[in-house]
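The values are calculated or read from the model by the stated rules, or taken from the named source; none is laboratory data. This is a predicted model, so every value here is computed, not measured. For neighbour counting, all protein chains shown are included, and Cβ atoms are generated from backbone atoms with ideal geometry for every residue, glycine included.
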Amino acid sequence: MRRALGAGAVLLAALASCRAPASPPSGFTLLFLGRSPAASLAGRSWAPDPDKSRIVAFDGTLHVVRELTNPRLATPMAVASLGNGRLLVTERTGEGVVLDTTGAVVREWDSPDVASLYAAGGGPRVVATRSPYYVPQVATPEADTAPLIRVLDSLGHVTGGLAIIRQPALPILTDLVNAGAVTTGGGASSAVYYAPLVRDEIRKYTSGGQLSSGQAGCAGGFLGMVEAIRQLIGEAGERAVKDAQLGLVSGFGMVTYDRCLCTGAVILGRSS
């Protein structure tokens with residue numbers, strides 16, 4: 001057996017030496033600069049430089065090739081790509097500033113939370129969480145149903161939410177326990193990844209939002225509800241159940257981690 005393995009290794013080495021040399025790597029993409037997320041756009045990596053109130057562009061060899069400054073940039077903490085030559089900048093105090101690659105301001109909006117952190121995957125959908133870069137010492141209590149992650153369009157308008165916030169024993173700590181980093185893909189149904197500031201974990205939210213803290217158990221968020229409705233209105237395609245009249249959706253999960261196991265069920269019927 002050892003001889004066979006040795007012969008195989010020699011053969012692989014000989015084949016490798018006969019292959020054409022591998023092409024050099026096209027370059028590097030910067031994901032973070034310090035603690036701040038960077039964005040990839042137009043063959044460049046764009047990262048915030050909060051100490052100098054600017055956005056810095058790097059090429060594939062990680063050399064600085066451009067600097068963007070604007071009176072509207074105060075303390076940029078994160079950069080995300082909106083595609084079409086647009087960069088979304090998160091200010092430390094939560095405002096969103098959209099720039100083009102020349103540094104001109106395209107639009108801006110106020111934070112939907114005390115201070116928000118934005119992410120986008122190169123498409124029109126933007127997601128926002130409570131920023132880990134600016135957490136107020138005293139926060140205003142929020143409703144139990146407040147979304148953990150807000151969904152915005154590229155104009156900064158809130159269009160929806162994912163999951164619900166965790167309510168701590170001391171309401172003034174609401175912003176602290178719900179702050180965290182976030183990232184997402186470019187599509188409208190792309191998963192959203194959220195990393196809480198006070199927990200060593202990364203949560204994944206898919207379509208439907210899970211309406212919990214990412215521990216969906218057998219619930220799967222609204223996926224079961226969506227499938228049941230599709231079956232009843234005749235839009236399930238090849239999965240369609242013939243002559244379906246009733247749909248039962250059930251699930252269980254741990255809601256915001258500190259409220260024990262919860263269960264629920266709903267029965268839907270086809271309208272006559």
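Among all positions in the range 178-200, there is at least one residue which is at pLDDT below 85 and in contact with a Ser or Thr (Cβ under 6 Å, 6 or more places away or on another chain). Looking only at residues of the range 80-95 that are crowded, with 18+ Cβ neighbours inside 10 Å and either assigned to a loop (DSSP other than H, G, I, E, B) or touching a Pro at 6+ places or on another chain (Cβ under 9 Å) (or both), we find that the one that is modelled with the lowest pLDDT is LEU82. For SER212, the criteria (1) surrounded by 13 or more Cβ atoms within 10 Å (Cβ to Cβ); (2) at pLDDT 80 or above hold in every case but one, which is (2). Taking the residues in the range 102-146 that are assigned to a loop (DSSP other than H, G, I, E, B) and charged (D, E, K, R) as candidates, determine which candidate is farthest from LYS204 (Cα to Cα). For the range 102-146, the residue satisfying everything is ASP110. Looking across ALA181, ALA115, one residue alone is touching a helix residue (DSSP H, G or I) at 6+ places or on another chain (Cβ under 9 Å), of a type in the set (Gly, Ala, Ser), closer than 30 Å to LEU41 by Cα and surrounded by 16 or more Cβ atoms within 10 Å (Cβ to Cβ). It is ALA115. Only one entry in SER53, SER81 is under 25 Å from the mean Cα position of the chain (by Cα), closer than 16 Å to ALA119 by Cα and small (Gly, Ala, Ser), namely SER81. Within the range 31-47, the set of residues being in contact with a Leu (Cβ under 8 Å, 6 or more places away or on another chain) and in a loop (DSSP other than H, G, I, E, B) comprises ALA38 only. Of all the criteria given as (1) over 27 Å from SER189 (Cβ atoms); (2) free of Cβ contacts under 8 Å to residues at least 40 places away in the same chain; (3) surrounded by 21 or more Cβ atoms within 10 Å (Cβ to Cβ); (4) not polar (S, T, N, Q), the one not satisfied by MET77 is (2). Of everything in the range 119-177 that is among the polar types (S, T, N, Q) and either within 15 Å of the chain's Cα centre (by Cα) or under 22 Å from VAL89 (Cα atoms) (or both), the residue that is surrounded by the fewest Cβ atoms within 10 Å (Cβ to Cβ) is THR159.
Residues in the range 92-113 that are in contact with a strand residue (DSSP E or B) (Cβ under 7 Å, 6 or more places away or on another chain) and within 14 Å of PRO132 (Cβ to Cβ): ARG92, GLY94, ASP113.
When the range 56-73 is limited to residues that are within 24 Å of the chain's Cα centre (by Cα) and of a type in the set (A, V, I, L, M), the one that is nearest to GLY94 (Cα to Cα) turns out to be LEU73.
Sort out which residues of the range 99-111 are under 23 Å from THR159 (Cβ atoms) and surrounded by fewer than 20 Cβ atoms within 10 Å (Cβ to Cβ), and write them in order of number.
Those that are under 23 Å from THR159 (Cβ atoms) and surrounded by fewer than 20 Cβ atoms within 10 Å (Cβ to Cβ): VAL105, VAL106, ARG107, GLU108, TRP109, ASP110.
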